[in-house]
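What follows draws every value from the coordinates through simple rules; no lab data is involved. The shown structure was predicted, so the numbers you read here are calculated from the model rather than taken from an experiment. Cβ sites come from the backbone with ideal geometry, for glycine too, and all protein chains shown count toward neighbours.
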Amino acid sequence: MFLLMKVSGIALDPFTNTPIVILKDAANEKTLPIWIGFMEASSIAMELEKTPRIRPITHDLVKNLIEKLKFIVTKIEVTDLRDDTFYARIYLKRDGEEYSLDSRPSDAIAIALRTDSPIYVNEEVIEKSKKIEIDEDKEKLAELLDNIPEGDFGKYKM
């Protein structure tokens with residue numbers, strides 16, 4: 001079963017200095033942190049903050065291509081977690097035909113934000129993410145993320 005989730009914010013893992021996109025369900029009961037790259041974090045943060053851009057960055061370009069080709073993004077899904085790697089799909093529709101594209105979650109999320117598309121996460125992914133063998137520092141981070149109120153996430157700055 002898939003849960004509708006939203007981007008709660010971008011954080012920086014204090015132990016690895018790696019950006020994390022934080023997804024939360026509507027009831028703020030379930031949280032999914034996904035470690036992502038700096039460029040993707042910057043792209044997501046710019047869209048969250050509605051930062052004006054003089055020229056399109058990569059995710060803006062993808063959005064423009066989707067629109068120019070008369071597709072709509074119906075949703076994105078974070079579908080799996082295997083070998084410490086998250087998997088996602090972007091669902092597109094045109095003329096009644098539906099298409100599904102494999103994607104990194106960070107790219108799918110950046111596109112979903114730009115197209116106002118819903119973000120869904122497979123509940124199994126949330127459960128698998130809790131079972132990842134993590135060291136003591138990351139356990140502390142997971143506990144910290146679970147206990148931070150939604151409004152307290154800082155904005156990610158490059």
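Before moving on, here are some points about what is shown:
- Filter pass, L12 being farther than 30 Å from D95 by Cβ, more than 13 Å from the chain's Cα centre (by Cα) and crowded, with 17+ Cβ neighbours inside 10 Å: no
- Matching residues, region 4-19, being in contact with a helix residue (DSSP H, G or I) (Cβ under 6 Å, 6 or more places away or on another chain) and more than 18 Å from A45 (Cβ to Cβ): F15
- Filtering E98, E124 for residues that are surrounded by fewer than 13 Cβ atoms within 10 Å (Cβ to Cβ) and charged (D, E, K, R) leaves a single hit, E98.
- Each residue in region 63-92 was checked for being within 23 Å of N122 (Cβ to Cβ) and surrounded by 14 or more Cβ atoms within 10 Å (Cβ to Cβ), and 16 pass.
- Cβ-Cβ under 7 Å pairs, at least 6 apart or on other chains, region 58-83 side in a strand (DSSP E or B), far side surrounded by fewer than 17 Cβ atoms within 10 Å (Cβ to Cβ) and among the aromatic types (F, W, Y): E77/F2
- Taken over region 21-44, the criterion of being hydrophobic (A, V, I, L, M, F, W, C), in contact with a strand residue (DSSP E or B) (Cβ under 7 Å, 6 or more places away or on another chain), surrounded by fewer than 21 Cβ atoms within 10 Å (Cβ to Cβ) and outside any loop (DSSP other than H, G, I, E, B) is satisfied by I22, W35, F38.
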